[in-house]
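S.K.: Below are the structure tokens for one structure; questions will follow.
Derivation of every value follows stated rules applied to the coordinates shown; laboratory data play no part. Being a predicted model, the structure only gives us computed values, none of them experimental. Neighbour counts run over all protein chains shown; Cβ positions are idealised from the backbone, glycine included.
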There are 2 protein chains.
Amino acid sequence: MRTAEQLRYLILAAQREGNRQLTVLLSAIGLTPAQSEALRIIADHGPLALRELGDMLVCDTGTNPSRIVDRLVAAGLVERTSSEHDRRQVKLTLTPTGQDKALRVAEIENQLYDLLDDATAGTDVGALIAFLDGFTRQSPAGTALANRLAAEKKQPD
Amino acid sequence: MRTAEQLRYLILAAQREGNRQLTVLLSAIGLTPAQSEALRIIADHGPLALRELGDMLVCDTGTNPSRIVDRLVAAGLVERTSSEHDRRQVKLTLTPTGQDKALRVAEIENQLYDLLDDATAGTDVGALIAFLDGFTRQSPAGTALANRLAAEKKQPD
DNA sequence: ACGACATACATGTCGTGACATGAAAAGGAG
DNA sequence: CTCCTTTTCATGTCACGACATGTATGTCGT
């Protein structure tokens, strides 16, 4: 098997494994990884239009994350409010329940990141990130992550 | 953003981007990445039972890849034959069309791996693979890849 | 032989992801 | 103001992935 092929499958396997672990942790609060990502983005950068959320979502680079938001609204975590100055837009805000959930998501994520820190002990994470960053630059998902980092830098809330 | 968090999203983004590129390349022959993986495994290691295929599939670590095979059968690429000595089992073999497609898949994959080789030029791929391998070891997807590598070693066809 | 258990596969369900399409609203050129 | 284009969002469709369940078939202890 070519090295590149092995790398491809390892990246796939790593993504699956991370998702699996996060799914287990998040099931305690009844959320999925995709939902938790959206929730955290709204918590950190809201109120947001649906398109703005979509521009920061790594997990869903489709046209827009309308259906993920559907479920968050159904769960009572997010409110859709039609925008005033542009009635095409929808303003997404967290309900009090949603804010509480977002905090719990942050705790769970930190658990996972602690585990990941252990797993990366002894490896050159900088080189790892540099490669992945180069590979994903210009891609939809990579752009989404870049947008998040830019928004964090601008307004570190 | 924590380094571990950035790493998580970069792995997700890399997986998505690789999948996106492969999807584009494979659309020329009417296959999806998941289907192409199954097809290649059957081509390399067939005839296989459904469970054996499942044990080598990185993309689908569910109970069994019954539905992916459904589509390959519907496309006329794979044949399901009931096993003789164990009527629970299904033997999966490629049709002549399937063998042809598998060759084309191999060509397309090599295109992608050439691109990936370019992208990894100048980085320590060994360290990358070592980390990902450690992280995915023991996970369902990582085990599947290990099974493939073991089968390749045993019978390098 | 027989009953309990295990294995192989198929299938129902849910939540993505990615893409295409359609409706509503805003913006811009004449 | 009017037509045309663009933007925003919702929705239909298809193919996963992951999990649970059900059925048929083997296997094993007794």
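S.K.: How shielded is B:147-153 by partner chains, expressed as the average number of their Cβ atoms within 10 Å of its Cβ atoms?
M.R.: Mean partner-chain Cβ count within 10 Å for B:147-153: 1.
S.K.: Sticking with this one: Which one of B:102, B:9, B:90 has its Cα pushed farthest toward the positive end of the charge dipole of region B:3-116, where Lys and Arg give +1 and Asp and Glu give -1 at the Cβ?
M.R.: The Cα lying farthest towards the positive end belongs to B:90.
S.K.: Counting Lys and Arg as +1 and Asp and Glu as -1, each charge on the Cβ, what is the dipole of region B:3-116 about the Cα centre in debye, to the nearest 20?
M.R.: 340 debye
S.K.: I would also like to ask the following. Going 7 Å from the Cα of residue A:3 along its beta-carbon direction, which residues of region B:1-45 have the amide nitrogen within less than 20 Å of the resulting point?
M.R.: B:15, B:18
S.K.: Please state the equivalent ellipsoid semi-axes for region B:26-157: what are the square roots of 5 times the Cα gyration tensor eigenvalues, largest first, in whole Å?
M.R.: Gyration-tensor ellipsoid for region B:26-157: 27, 19, 12 Å.
S.K.: Same structure again: Can you tally the net charge around residue A:5? Count Lys and Arg as +1, Asp and Glu as -1, for every other residue whose Cβ sits under 14 Å from the Cβ of residue A:5.
M.R.: Counting the neighbours of residue A:5, the net charge comes to -4.
S.K.: For residue A:91, give me every one of the aspartates and glutamates with a C-alpha distance below 16 angstrom, ignoring sequence neighbours fewer than eight places off in its own chain.
M.R.: A:44, A:52, A:55, A:70, A:79
S.K.: Hey, another quick one. Taking H as built 1.01 Å from N, whose amide H comes closer than 5 Å to the amide H of residue A:93, not counting residues under 5 places away?
M.R.: So residue A:93 has HN proximity to A:79, A:81.
S.K.: Take each of the peptides B:82-94, B:106-118, average the number of other beta-carbon atoms within 10 Å over its residues, and list them starting from the highest.
M.R.: B:106-118, B:82-94
S.K.: Something else now. Among B:137-145, A:59-67, B:3-11, how do they line up by average Cβ neighbours within 10 Å per residue, starting with the highest?
M.R.: Sorting B:137-145, A:59-67, B:3-11 by mean packing, highest first, produces B:3-11, B:137-145, A:59-67.
S.K.: On to the next question. What is the minimum Cβ-to-axis distance for chain A, in whole Å, where the axis maps A onto B, and to which residue does it belong?
M.R.: Result for the A and B rotation: A:15, 2.
S.K.: Now for a different question. One decimal, nm, shortest first: give the distances between the label point of residue A:75 and those of the same position in the other copies, each label point 7 Å from Cα along Cα→Cβ.
M.R.: Counterpart label points of residue A:75 in the remaining copies fall at 3.4 nm.
S.K.: Just order B:45-58, B:25-38 by mean Cβ neighbour count inside 10 Å, highest at the front, would you?
M.R.: The densest-packed peptide leads the list: B:45-58, B:25-38.
S.K.: Average partner chain C-beta neighbours within 10 Å, per residue of A:93-101?
M.R.: Taking the mean over all residues of the peptide, I get 0.
S.K.: Enter the mean number of other protein chain beta carbons within 10 Å of the beta carbon of each residue in A:18-27, as an integer.
M.R.: 2
S.K.: Please report the Cα spread of the protein assembly as shown along all three principal axes, rounded to whole Å, starting with the longest.
M.R.: Answer, in whole Å and largest first: 65, 41, 36 Å.
S.K.: Compute the orientation-averaged projected area for region B:95-157 from the convex hull of its Cα atoms and round it to one decimal in nm².
M.R.: Result: a mean projected hull area of 5.8 nm².
S.K.: Under 11 Å from the Cβ of residue A:66, count the other residues' Cβ atoms, weight Lys and Arg +1, Asp and Glu -1, and hand me the total.
M.R.: With Lys, Arg at +1 and Asp, Glu at -1, the net is +2.
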